[in-house]
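Student: Sharing a structure with you now.
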Amino acid sequence: QVQLEESGGGLVQAGGSLRLSCAASGSIFSTKPMGWYRQAPGKQRELVAIIGSGGNTNYADSVKGRFTISRDNAKNTVYLQMNSLKSEDTAVYYCNTRVAFTNYWGKGTLVTVSS
């Protein structure tokens, strides 16, 4: 069983920064890709960024150059550094991993960017 817990969301002005954290349970963390997704009101959940077990990363075009995903395997934690935030970044942000064909999600953390 994998458990994910996000933290770090909040209210920030446009142009500001936030860092999200996702703490994962289980000893397999270091071997699995980890992703950040977001869901804005009335919209579908979308991929924001993903980091492989080896540290390779991919980003949605909308966040490239502004967001950085990283991981600390010793702490079983994945981070999302978000800079130059825009109002359209307002969403609930979810941490995700996939183990044995099963997707695991955290409960999410709300990010609100005021313009």
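The values are calculated or read from the model by the stated rules, or taken from the named source; none is laboratory data. Not measured: the values here are computed from a predicted model. Neighbour counts are summed over all protein chains in view; Cβ atoms, including those assigned to glycine, are modelled from backbone coordinates with ideal geometry. With ligands, DNA and RNA removed, areas are computed over all heavy atoms of the protein, side chains included. Shrake-Rupley method; radii C 1.70, N 1.55, O 1.52, S 1.80 Å.
Student: Quote the relative contact order of the chain in percent (integer), defining contacts as alpha-carbon pairs under 8 Å separated by 6+ residues. Let's see the in-between values first.
Tutor: Working: 275 pairs, mean separation 41.9, N = 115.
Relative contact order, the chain: 36 percent.
Student: ³J(HN,Hα) across the range 54-64 via Karplus (A = 6.51, B = -1.76, C = 1.60, θ = phi - 60°), whole Hz, x for Gly/Pro?
Tutor: Residue by residue, the range 54-64 yields x, x, 5, 10, 9, 10, 5, 4, 5, 10, 4 Hz.
Student: Report the trypsin sites (Lys or Arg not before Pro) located in the range 7-85 that are in a DSSP loop and have at most 12 other Cβ atoms inside 10 Å of their Cβ, or state none.
Tutor: Values: sites: R19, R38, K43, R45, K64, R66, R71, K75; in loops: K43, R45, K64, R66.
Of the trypsin sites (Lys or Arg not before Pro), the ones in loops of the range 7-85 whose Cβ has at most 12 other Cβ atoms within 10 Å are K43, K64.
Student: Hey, in the GNM for the chain with a 10 angstrom Cα cutoff, which one of Q44, Q81, Q13 fluctuates hardest?
Tutor: Of Q44, Q81, Q13, the Gaussian network model singles out Q44 as fluctuating most.
Student: Accessible area per residue of the chain at 1.4 Å probe, in Å²? Spell out each step's value before the answer.
Tutor: Values: 6250 Å² over 115 residues.
Ligands and nucleic acids excluded, the result is 54 Å² per residue.
Student: Step through the residues of the range 68-75 one at a time and calculate ³J(HN,Hα) from phi using the Karplus curve (6.51 cos²θ - 1.76 cosθ + 1.60, θ = phi - 60°), rounding each to whole Hz and writing x for Gly and Pro.
Tutor: With the stated coefficients, the range 68-75 comes to 9, 9, 8, 9, 10, 5, 5, 9 Hz.
Student: Tell me, what is the 1.4 Å probe accessible area of S70, in Å² to the nearest 10?
Tutor: Accessible area, nearest 10 Å²: 50 Å².
Student: How big is the chain along each principal axis, measuring the range of its Cα positions in Å and listing the largest first?
Tutor: Cα spread of the chain along its principal axes, largest to smallest: 41, 26, 22 Å.
Student: Can you list residues whose amide H is under 5 Å from K86's amide H, if they're 5+ apart or on another chain and H is modeled 1.01 Å from N?
Tutor: HN-HN under 5 Å from K86: G15.
Student: If you don't mind, there's one more thing I want to ask. Could you give me the ³J(HN,Hα) list for the range 76-83, computed from phi with Karplus coefficients 6.51, -1.76, 1.60 and θ = phi - 60°, whole Hz, x at Gly and Pro?
Tutor: The phi angles translate into 6, 9, 10, 10, 9, 8, 10, 10 Hz.
Student: Which lysines have a Cα less than 23 Å from the Cα of K43, not counting those fewer than 8 places away in the same chain?
Tutor: Once the sequence-local lysines are set aside, what remains near K43 is K64, K86, K107.
Student: Compute the signed sum of charges (Lys and Arg +1, Asp and Glu -1) over the other residues within less than 10 Å, Cβ to Cβ, of A60.
Tutor: Summing Lys and Arg as +1 and Asp and Glu as -1 gives 0.
Student: Rolling a 1.4 angstrom probe over the protein chains, ignoring ligands and nucleic acids, what is the accessible area of E88 in square angstrom, nearest 10?
Tutor: Here the residue's solvent-accessible area equals roughly 120 Å².
Student: If you place +1 on the Cβ of every Lys and Arg and -1 on the Cβ of every Asp and Glu, how big does the dipole about the Cα centre of the chain come out, in debye to the nearest 20? Show your work: numbers first, answer last.
Tutor: On the way: 12 positive and 7 negative charges, 19 e Å.
So the magnitude is around 100 debye.
Student: Something else: If one puts a single equal scatterer on every Cα of the range 36-92 and applies the Debye formula without solvent, what log₁₀ I(q)/I(0) results at q = 0.12, 0.15, 0.17, 0.19 Å⁻¹?
Tutor: With one equal scatterer per Cα and no solvent, log10 I(q)/I(0) is -0.29, -0.45, -0.57, -0.70.
Student: Something else now. Quick query: amide H of G108 versus all other amide H atoms, modeled in the peptide plane; which residues come in under 5 Å with a sequence gap of 5 or more or a different chain?
Tutor: HN-HN under 5 Å from G108: E6, C95.
Student: Just reorder W36, W105 by solvent-accessible area, largest first, 1.4 Å probe, all chains present. Display every interim value, and only then the final one.
Tutor: Details: W36 0, W105 100 Å².
Order by accessible area, largest first: W105, W36.
Student: Leaving out same-chain residues fewer than 8 places away, which lysines sit with a Cα under 16 Å from that of K75?
Tutor: The reachable lysines, counting only those whose Cα sits under 16 Å from K75, are K32.
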